[in-house]
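The values are calculated or read from the model by the stated rules, or taken from the named source; none is laboratory data. Since the structure is predicted, the reported quantities are computational estimates derived from the model, not experimental observations. As a convention, Cβ positions derive from the backbone with ideal geometry for all residues, glycine included, and neighbour counts pool all protein chains shown. Ligands, DNA and RNA are excluded from the accessible area calculation, which covers all protein heavy atoms including side chains. Shrake-Rupley method; radii C 1.70, N 1.55, O 1.52, S 1.80 Å.
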Amino acid sequence: MDARDATGVNPGGIHVLAVNCGSSSLKFGVFRARGCEMHPRVTGEAQAIGSSAGLLRVRDGHGGVTLHEETVAIADSVQAFGRIARLLAGMDVPAPDAIGHRIVHGGPRLRAHARIDAAVMAQLEAASIFAPLHVPAALSVVRAAQARYPSLPQVACLDTAFHAALPEEARTLPIDRALLAEGVQRYGFHGLSCASILAQWPEAPPRLVIAHLGSGASVTAVREGRSVDTSMGMTPNGGVVMATRSGDLDPGVLTWLIREKGMDARALERLVDHRSGLLGISGISGDLRRLRQVERREPAAKLAIGMFVLSVRKQIAAMTAVLHGIDALVFTGGIGEHDAQVRADICEGLGWAGIRLDASRNRGGALRIGTRDAACEVRVMPSEEERQICRHVHALLAGTGDQREDSASPPSQSPSSLDARNQAGSG
């Protein structure tokens, strides 16, 4: 970054490599960031990480033209990142000036996006206990990126940051309050996705519900641009039925499994993370597309889809109650964006809230899919997590902050209410 201004950011713009590490995939994008504009140069993903048939794809950032695609064994996220970095180095793509990483959970003390230093890394490692399916893999990629690009600033972009100022009634879990001091509270997730919706729709009405539906799924109530409640809790396991995660579950089930089946913490974790949700209900697959193919002849597949739909509908209804009504509903995430039937089925039971879909617009892939006379606007919008990572990286390095997230701080009653930036050493 040459010709820098007083903030240290090149006024002509910087190039940010955004890295979005999931449990079995790694999405990425190289963006040119200048002011409020984030221009994609290339985007792509590594899919089916951990299998012998992984897919690595790179697309042009503007037209979506595939520049590279290969099926290859990808052992883990670090190997995926290494292959992506080598591919980018061989393409006509500017070298990154900074790297932003999606981190699912920052724990109770790190509640704002932060430049990664030793202190931040230690806090993120401590937060791994809250999201063991996601955070360790992401941190392994951070270390790989630090080794490959030792001179570049690396930024942790937290899914939990969007929900950092949840009201006390939403944040507090109904359990012995002494545990709050150990971080047992509602954090909320898919924050980068929610923030990306607001960035795309800055004039969104005051009472907004965002349904992020993918292999992981959550529903969030947003009032005047702020998260006021969300379906996920202390971990990304709570809320709606997901691909292989249970969502909300009677805690008595877990104590029964411990007492009667002799399960320990690791066995319970495998059950609720990997063998529950759509996969557990159907016994066939956690992929909704696969269940769609067999639902007419497999009653368990039909049951799984029905339970998913009902769980999402119930959460939308709950968030509508939190907001004292609903002005707009946004579907996003892989399922939310691409499965018209799921959207129709979810909305079928929400007419009382003023939610009515236009069937042809819903099937046709329109942005606005509600009927023109409906009291609640319904939209389908892409989850632009990589672009949002770029926004946060640019804002942090430029010292401008983020109007919707960085100005939020946890309530003063919370043990995590200490200034997150001072805790993180992020300035």
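In the range 40-68, the residues that are touching a residue at least 60 places away in the same chain (Cβ under 8 Å) form Cβ pairs under 6 Å with partners that are not aliphatic (A, V, I, L, M), at six or more places apart or across chains, as follows: P40/G29; P40/F31; P40/G61; T43/G29; T43/R59; T43/G61.
Just a yes or no: is a residue in the range 63-74 open to solvent by less than 30 Å² (accessible area, probe 1.4 Å) and more than 21 Å from the chain's Cα centre (by Cα)?
Yes - at least one qualifying residue is present in the range 63-74.
Taken residue by residue, the range 253-262 has no member that is part of a loop (DSSP other than H, G, I, E, B) and either crowded, with 21+ Cβ neighbours inside 10 Å or of a type in the set (D, E, K, R) (or both). Considering the range 39-52, the residues that are under 19 Å from the mean Cα position of the chain (by Cα) and assigned to a strand (DSSP E or B) include one that is modelled with the lowest pLDDT, namely Q47. Annotation note: of V294, V312, the sole residue that is under 23 Å from T220 (Cβ atoms) and either open to solvent by less than 20 Å² (accessible area, probe 1.4 Å) or modelled with pLDDT of 95 or more (or both) is V312.
Of all residues in the range 7-23, those being at pLDDT below 60 and under 28 Å from V135 (Cβ atoms) number 0. Taking the listed residues A164, A114, the one that is modelled with pLDDT of 95 or more, touching a Lys or Arg at 6+ places or on another chain (Cβ under 6 Å) and surrounded by 24 or more Cβ atoms within 10 Å (Cβ to Cβ) is A164, with no other qualifying. Residues in the range 263-281 that are within 25 Å of the chain's Cα centre (by Cα) and either of a type in the set (S, T, N, Q) or in a loop (DSSP other than H, G, I, E, B) (or both): R275, S276.
Out of G334, G277, which single residue is under 23 Å from S383 (Cβ atoms) and in contact with a strand residue (DSSP E or B) (Cβ under 8 Å, 6 or more places away or on another chain)?
On the way: G277 fails: in contact with a strand residue (DSSP E or B) (Cβ under 8 Å, 6 or more places away or on another chain).
The conditions single out G334.
Residues that are at pLDDT 95 or above and either in contact with a Ser or Thr (Cβ under 7 Å, 6 or more places away or on another chain) or farther than 21 Å from A46 by Cα (or both) occur in the range 84-100; there is at least one. A count restricted to the range 190-235 and to residues that are open to solvent by 10 Å² or more (accessible area, probe 1.4 Å), in a strand (DSSP E or B) and either out of contact with any Leu (no Cβ under 8 Å at 6 or more places or on another chain) or closer than 22 Å to D339 by Cα (or both) stands at 2.
Restricted to the range 326-341, and to residues that are among the hydrophobic types (A, V, I, L, M, F, W, C) and outside any helix (DSSP H, G or I), which residue is surrounded by the fewest Cβ atoms within 10 Å (Cβ to Cβ)?
Looking at residues that are among the hydrophobic types (A, V, I, L, M, F, W, C) and outside any helix (DSSP H, G or I), I get A328.
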